[in-house]
Number of protein chains: 2
Amino acid sequence: MGELSDLFSPDRVAVVGATERPGAVGAAVMRNLLDSFEREVVPVNPNAESVFGIEAHDRISDVTGVDLAIVTVPPDVVGDVIEECGTGGIDNVVVITAGFSEAGREGAERERRLVELATEYDLNLVGPNSLGVMSTPLGLNATFGPDDALPGGLSFMSQSGAFITAVIDWANDQRIGFKDVVSLGNEAVLDETDFLREWGDDPETDVIIGYLEGITSGQAFIETARAVVRETPIVLVKSGRTEAGAQAASSHTGTLAGSDRAYEAGFEQAGVIRAESVEGLFDSAQILSGQPLPETENVAVVTNAGGPGVMTTDSVGDSSLSMASFGDDTENRLREAMPDGANVNNPVDILGDGDDERFEEALQIVMDDDDVGAVIVLTAPTAVLEYDRLAEVIIAEQRRHELPVATCLMGGTRVRAPRERLNEEGIPCYFDPDRAVDSLDSLAEYARIRETQWDDPTTFDVDTTRAAEILSQVERREHNRLGLEAMELLDAYGIPRPESEIVTSADAARRVAERIDGPVAVKIVSPDIVHKTDVGGVRVGLDPEEVHDAYEEIVTRARNYQDDVTVLGVQVQAMVDVEEGVETIVGVNRDPQFGPVVVFGLGGIFVELLADTAVRVAPVSEREARTMTQELRAAPMFSGARGREAVDVDRIVTTIQRISQLVTDFPAIVELDINPLVALPDGVQAVDIRLTVDPDEL
Amino acid sequence: MGELSDLFSPDRVAVVGATERPGAVGAAVMRNLLDSFEREVVPVNPNAESVFGIEAHDRISDVTGVDLAIVTVPPDVVGDVIEECGTGGIDNVVVITAGFSEAGREGAERERRLVELATEYDLNLVGPNSLGVMSTPLGLNATFGPDDALPGGLSFMSQSGAFITAVIDWANDQRIGFKDVVSLGNEAVLDETDFLREWGDDPETDVIIGYLEGITSGQAFIETARAVVRETPIVLVKSGRTEAGAQAASSHTGTLAGSDRAYEAGFEQAGVIRAESVEGLFDSAQILSGQPLPETENVAVVTNAGGPGVMTTDSVGDSSLSMASFGDDTENRLREAMPDGANVNNPVDILGDGDDERFEEALQIVMDDDDVGAVIVLTAPTAVLEYDRLAEVIIAEQRRHELPVATCLMGGTRVRAPRERLNEEGIPCYFDPDRAVDSLDSLAEYARIRETQWDDPTTFDVDTTRAAEILSQVERREHNRLGLEAMELLDAYGIPRPESEIVTSADAARRVAERIDGPVAVKIVSPDIVHKTDVGGVRVGLDPEEVHDAYEEIVTRARNYQDDVTVLGVQVQAMVDVEEGVETIVGVNRDPQFGPVVVFGLGGIFVELLADTAVRVAPVSEREARTMTQELRAAPMFSGARGREAVDVDRIVTTIQRISQLVTDFPAIVELDINPLVALPDGVQAVDIRLTVDPDEL
């Protein structure tokens, strides 16, 4: 059990601000505690002799042996109470009182003090602005919510207190039970990651579920979750997707890696199962806590109803699962056991006159097939089918074969009892085939997660000193942007680029062009010009003799574009034959929660119109980088679609990793685009670079 | 009421094969009828004096005044019974008996006879292999299913009988009612389109819902549905998507227009709302029958729970709806009415201590805002909120403002009563915000459908005689394929193509090349060679002097590829500057249900890797053709993305229409590809064509 164990299983709980006043939070908390808590509750209230018949103390410091304090006093005195807790050696505090960082400057000030005190006295502090905490083994309900939770194996955290009251009321109705429940409140001290860690170590927690609107530290979250999901599945609803989307970073790839893409990537890299709805959250949680993991991703469907069987096949097709294909032996056995006209292929249709015994036979045969990883039992009501007996058959076969099973007993009143019976045994039962398939799908997803290898990122030998010098150029800039003048950053991090030089005279330009073999491109180098082509700041495919005039021309164009323009020079660059390869883009933008997020996509029109990109939170391992190159819809282009030569994917992969290392080494890099990174049959060439640097971070 | 009215409201129903034998279908049907049918039931059974106390007749022909016969006798005698019905002047027959086309050759033979008889006597025949029909106004349950349906406004058709029994049992539990229910069975005579037509004319049917695995005639279905949805919404679950997908046509664009794309297009062109799940089917149906249509697509959310409010905003973001933006007046009024800390923007948070009166105030203010088209009321349980009173508030405000409302009363037992109350009033109530949003979304979708203009396709002046000649070439072929030799088909249908000629000698080739201005392409013309480039059968960008050798070269290559290759000649074609424009593809393949399906997409790699295509069932109107060009993810390319010149979209639009006309005029065209159709700033050029023709259809 983790270090927060006393928070959830205290021997003695003090309620600071306990009262009998109707409607008061302090009264609701007391009542909830007195209702069901198996251990001692001590009210603290200087103005009361006793609360609900229990002697009240004036101050929390008067009470000894308290290992959990629930604070419901007004915001302006909370600080002092916390200090008393600290000096009194109380380790666990839940601040229910609102009026902190969610309520303006003054509140934020108060919250800062809470944090200081918590650090000083090393307190486990939940809240402020929390509904409270619950833990069913001891009947602990230290919330002001209307209901107790039923005991069970789900531990549940929420950044919304209202969401907890709603879910508990609903879950009680559905007979879904919880181990611990925590309303995270403002997360001044303890945040979602602390509870992941705690519940990861808790043998009584089968599944961790949560409702989150944000994450305090994406990196810590990912690290912790990866460790936890080895043993305990995590299913989360992430809310605020659309707002998050609106806050998407401004730069080009930024938009593509909008904050929700970061969460999507972050959650996936953390091994977290993401639910889109409350229903989905609990469907996943329930099957994860009730059923074994599948050994194959192939599903067998056994039904007495053809039509719904087809619907189920569709849902399987829409999921990450496949329909199992039976061995001959299975088909022969089914053919013998089933009547004529029955379908012995998957989905198995035992026909409308099939009773529980025929279901039993079919299930036994199908579950013996090694290709079958999971089973869906699907029924429509008929005159001959006895649901209660069918439920027992399903439970028995599930146990005997230890295969995950989900059921759709389609119907209403007549399936209610068997449905509850199946649920008791941890076998989900729905009306809609989709939900059965989706729940099995999340079982399979967790099975994959358990087997995922999280490699450490490769560390390449790079020249950080040189990189630091180049980045520091921004300190002499109004805008924090760097462009072509930062190409050497690529050298420092071992990313190939075409031969080039930045010159400040037309003659120098020509000399460079003569040295470079083949035609060249000349590009304006100016911090004031972000989109060089739009202002005619680029000329390509020039022979040396054309370069002199081209130089003059683009410099003039730059001046026409903006008379006080700063021109750092003109880059003369060897041409890269784009036709030979594939234009890609590697970009980075910094997500408020997850830090640097790496984006890889096809360049040119693809990135602009089709947003065909792959996203990962840095640092990116080799395995992850390679997957990014495989995720694109247009990935076949790399292996040489349309009779073209395949490009050097290994080099793309290293480039992604090296960029990941660069932005991890330098938090100062806010945004970075290599566009295009041309992938060629024999390596890659970074043709252009653009980045935004925060000088304060240097 | 339509022509099938007697089928659903008969005065006298005969059950042929009526019996008391337990487990017999004839007994179940009799019992269901006797339970609740308000009019007369007559059993027919030569071996019984009476059935359930009613005098039985030997033959159906002995009974007079029957306007509906339910047939449950063994398959081999069904035909004779039907004939008796016909001669006896009975118009409506439901054949429940199975063992017809679903059961091998013999069965198919029997079914053919049914069809002949139905045609001869002009019978409305349901089935065979049907569960039967129901109609609640008269308490008619002429099925052998276990339950009666509750009365209501949904008329329900299903190609799966099991699906009906499952849904009715569930719907009774949910208190969802039906007007008519029909189990379509094998659809030997009456099919889904007949019932669309019938229920479209039925004032008692609010919404038509159905479960379909296939459609008999897509064209008739589209035509009928378009008329029906003006007054009556249609919501369908289309099952068998994945199988359909597997049956996708083989040709290139064929795969892209796989049968499910055809259904997707067909349903959309029919104005049908497609549901993915049973839950979705009934959520849509219920709100469509219970709530008015929104006048704007902007939703206001009023809640006492911040977190769930964010979730709801997400769902709105994922839907076709938007969050309403309130006028200043609304915000001011809310600011006055609501306590400090309340959120007066959308989603409106009236805070956790908000009671029904505060909800009432907020709702009144929000519903007065003209920008608000629909409202979601969202609650988490609190100590102060009285759900029963809240329900009345919601019902009253919904009525007063006549705005569509959906509710999420999040919770379990405590919300059950108010939920039922709201449902009684036609206001949906869910736990999950998604479902509330999705149901409003289908209201909005139906509002759009009602306003959709279905234009007639433009008829262009074309040369069908010439086209027929060209197509008839296949009659002299082993494979039914035509290639470059059919380019003149484009001339016949007014589709521009680059100047070209097919020649059979190197000298002729050179002469043509000299006549054409600019470089040329030479391409092998052979029915045996489908992919010309792969066998080196194409040379491009040639000057006239190069053409002679090129001719010899590609002809030799063709012979090396296959020694008995048929070479019809070599095409010498003016080059089209692809760089100047955008490569697109226009294709057609024939769907078993919907007939010719037109596909438009970007050409080259896009079509191959990204499947960025738009699909419509032909004939395609100008409006539809234009929408196709706008649907592509890459559509901005046409208006000149990345500083390129915009292309001639009008010409693309006419080309799509002309191709649509071509394949409608000639059912013999099984598949057709124009690839590429190069869209240029000043028109389009069809560079290559490939088609498959069915000679028997010529």
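See the values below:
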item	result
All positions within the stretch B:318-355 that are touching a strand residue (DSSP E or B) at 6+ places or on another chain (Cβ under 8 Å) and assigned to a helix (DSSP H, G or I)	B:Leu334
Candidate set: the stretch B:595-610, residues that are buried (at least 24 other Cβ atoms within 10 Å of the Cβ) and more than 14 Å from chain A (Cβ to nearest Cβ); chosen: the one farthest from the chain's Cα centre (by Cα)	B:Phe600
Members of the stretch B:448-473 that are open to solvent by 50 Å² or more (accessible area, probe 1.4 Å), of a type in the set (Val, Ile, Thr) and in contact (Cβ under 8 Å) with a residue 12 or more places away in the chain	B:Thr458, B:Thr459, B:Thr464
Residue ID - modelled with the lowest pLDDT, chosen from residues in the stretch A:229-250 that are farther than 18 Å from B:Gly309 by Cβ and within 14 Å of another protein chain (Cβ to nearest Cβ)	A:Ala248
From B:Asp328, B:Asp314, B:Asp318, residue being more than 22 Å from B:Glu445 (Cα to Cα) and acidic (Asp, Glu)	B:Asp328
Which numbered condition B:Ala103 misses (of (1) of a type outside the set (Val, Ile, Thr); (2) out of contact with any Pro (no Cβ under 9 Å at 6 or more places or on another chain); (3) within 11 Å of another protein chain (Cβ to nearest Cβ))	(2)
Qualifying residue in the stretch A:268-287 (condition: in contact with an Asp or Glu (Cβ under 6 Å, 6 or more places away or on another chain), more than 30 Å from A:Ile215 (Cβ to Cβ), more than 12 Å from every other protein chain (Cβ to nearest Cβ) and not hydroxyl-bearing (Ser, Thr, Tyr))	no
Per-region count, the stretch B:115-159, residues at pLDDT below 95, open to solvent by less than 10 Å² (accessible area, probe 1.4 Å) and over 19 Å from B:Asp91 (Cβ atoms)	1
Residue list for the stretch A:618-654, filter: away from chain B (no Cβ under 14 Å) and without any contact (Cβ under 8 Å) to a residue 12 or more places away in the chain	A:Asp650
Filtered residues of the stretch A:172-223 (kept if over 14 Å from A:Gln159 (Cα atoms), among the acidic types (Asp, Glu) and in contact with a helix residue (DSSP H, G or I) (Cβ under 7 Å, 6 or more places away or on another chain))	A:Asp173, A:Asp180, A:Glu204, A:Asp206
Yes/no for B:Thr253 being in a helix (DSSP H, G or I) and modelled with pLDDT of 90 or more	no
Of residues in the stretch A:400-416 being in a helix (DSSP H, G or I) and within 17 Å of A:Ala362 (Cβ to Cβ), the one nearest to the other protein chains (Cβ to nearest Cβ)	A:His401
Among (1) hydrophobic (A, V, I, L, M, F, W, C); (2) within 12 Å of chain A (Cβ to nearest Cβ); (3) farther than 22 Å from B:Ile176 by Cβ; (4) outside any strand (DSSP E or B) - the single one B:Leu378 does not satisfy	(4)
Leading residue by the ranking (farthest from A:Arg400 (Cα to Cα)) among those in the stretch A:339-357 that are charged (D, E, K, R) and within 14 Å of chain B (Cβ to nearest Cβ)	A:Asp340
The stretch B:256-267, residues that are away from chain A (no Cβ under 13 Å) and modelled with pLDDT under 50	B:Leu256, B:Ala257
Single residue of the stretch A:297-308 satisfying the filter (more than 9 Å from chain B (Cβ to nearest Cβ) and more than 25 Å from the chain's Cα centre (by Cα)) that is nearest to A:Glu451 (Cα to Cα)	A:Asn298
Total residues in the stretch A:57-90, condition farther than 21 Å from A:Glu111 by Cα and under 36 Å from the mean Cα position of the chain (by Cα)	1
Candidates B:Glu392, B:Glu445, B:Glu336, B:Glu360 - the one that is under 28 Å from B:Ile234 (Cα atoms), open to solvent by 50 Å² or more (accessible area, probe 1.4 Å), away from chain A (no Cβ under 12 Å) and out of contact with any His (no Cβ under 8 Å at 6 or more places or on another chain)	B:Glu445
Test: residue in the stretch B:683-695 that is crowded, with 24+ Cβ neighbours inside 10 Å, in a strand (DSSP E or B) and among the basic types (Lys, Arg)	no
Residue satisfying condition, being at the interface with chain B (Cβ under 8 Å from one of its Cβ atoms) and small (Gly, Ala, Ser), within set A:Gly153, A:Gly139, A:Gly161	A:Gly161
Residue list for the stretch B:160-199, filter: open to solvent by 10 Å² or more (accessible area, probe 1.4 Å), farther than 30 Å from B:Glu109 by Cβ and assigned to a helix (DSSP H, G or I)	B:Trp170, B:Asn172, B:Asp173, B:Gln174
Residues of the stretch A:575-594 classified as in a loop (DSSP other than H, G, I, E, B), of a type outside the set (Asp, Glu) and closer than 19 Å to A:Ile689 by Cα, total	3
Count - residues of the stretch B:363-389 that are within 34 Å of the chain's Cα centre (by Cα), of a type outside the set (Val, Ile, Thr) and open to solvent by less than 10 Å² (accessible area, probe 1.4 Å)	3
Residue ID - surrounded by the fewest Cβ atoms within 10 Å (Cβ to Cβ), chosen from residues in the stretch A:200-225 that are out of contact with any strand residue (DSSP E or B) (no Cβ under 8 Å at 6 or more places or on another chain) and among the hydrophobic types (A, V, I, L, M, F, W, C)	A:Ala220
Criterion: basic (Lys, Arg) and either within 25 Å of A:Lys179 (Cα to Cα) or touching a residue at least 24 places away in the same chain (Cβ under 8 Å) (or both) - qualifying residue of A:Arg105, A:Arg39	A:Arg39
Selection count where residues are open to solvent by 10 Å² or more (accessible area, probe 1.4 Å) and more than 28 Å from the chain's Cα centre (by Cα), scope the stretch A:403-442	12
Filtered residue count, the stretch B:51-68, keeping only those that are part of a strand (DSSP E or B) and either under 15 Å from B:Phe144 (Cβ atoms) or modelled with pLDDT under 95 (or both)	1
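Yes/no per residue for (1) in a loop (DSSP other than H, G, I, E, B); (2) away from chain A (no Cβ under 14 Å); (3) open to solvent by 50 Å² or more (accessible area, probe 1.4 Å):
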| position | (1), (2), (3) |
| --- | --- |
| B:Glu3 | yes, yes, yes |
| B:Ala14 | no, yes, no |
| B:Ala18 | yes, yes, no |
| B:Arg31 | no, no, yes |
| B:Leu34 | no, yes, yes |
| B:Ala48 | yes, yes, no |
| B:Val81 | no, yes, no |
| B:Gly99 | yes, no, no |
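The values are calculated or read from the model by the stated rules, or taken from the named source; none is laboratory data. All figures in this text were calculated on a predicted structure; none of them were measured in a lab. Neighbour counts are summed over all protein chains in view; Cβ atoms, including those assigned to glycine, are modelled from backbone coordinates with ideal geometry. Ligands, DNA and RNA are excluded from the accessible area calculation, which covers all protein heavy atoms including side chains. Shrake-Rupley method; radii C 1.70, N 1.55, O 1.52, S 1.80 Å.
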